[in-house]
Amino acid sequence: MSESHMPKAFEKFEIQAYRRKPKDLKRLKQSHVAFTGSPQKHPYDPQRVVLISDPYSTSTVYYEFMKNDISYVEELPSVVNVDGETVMVVRIWVKKQSIAVRSSAFIVADTSRG
């Protein structure tokens with residue numbers, strides 16, 4: 001298993017962002033929760049979206065959402081690494097009470113102090 005902390009090259013994932021803000025942003029905030037990150041295709045389920053919260057971080061956290069639970073998408077400024085590669089960043093608004101998955105990688109180690 002290669003130990004690379006940099007994002008791997010993915011097939012381009014087009015997500016259509018809304019160009020206008022919703023008329024009632026206050027109402028949206030009451031019924032939805034915003035998540036920000038880089039969207040990726042789910043590896044095997046086309047009905048899900050993977051959102052990597054900080055793609056260049058060494059402690060990667062990502063979320064999985066059902067497409068039907070996402071009501072609004074805002075395109076944010078892209079993130080650029082030192083090599084000049086850009087990663088698309090969006091803010092998605094997910095309906096409250098939706099079921100989602102949050103995952104983070106960690107190193108398995110003994111927690112006892114020897």
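Nothing in this text is a laboratory measurement; each read-out follows from the coordinates by a stated rule. Treat the numbers as computed from the prediction; the structure is a model and nothing was measured. Using ideal geometry, Cβ is built from the backbone for each residue, glycine included, and neighbour counts are taken over all protein chains shown.
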Seminar exercise, completed: The extension gain from THR36 to TYR72, computed as 0.36 nm times the residue separation minus the Cα-Cα distance, is 11.8 nm
Problem set entry | Ranked by how many other beta carbons lie within 10 Å on average, peptides 42-54, 75-87, 100-112 from highest | 42-54, 75-87, 100-112
For this session: Would you kindly state how much longer the chain becomes between THR86 and SER104 on full extension, computed as 0.36 nm times their sequence separation minus their alpha carbon distance, in nm to one decimal?
Result: 4.2 nm
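With charges only on Cβ, +1 for K and R and -1 for D and E, what is the dipole size of segment 25-104 about its Cα centre, in debye, rounded to 20?
Using only the charged Cβ atoms, the result is roughly 580 debye.
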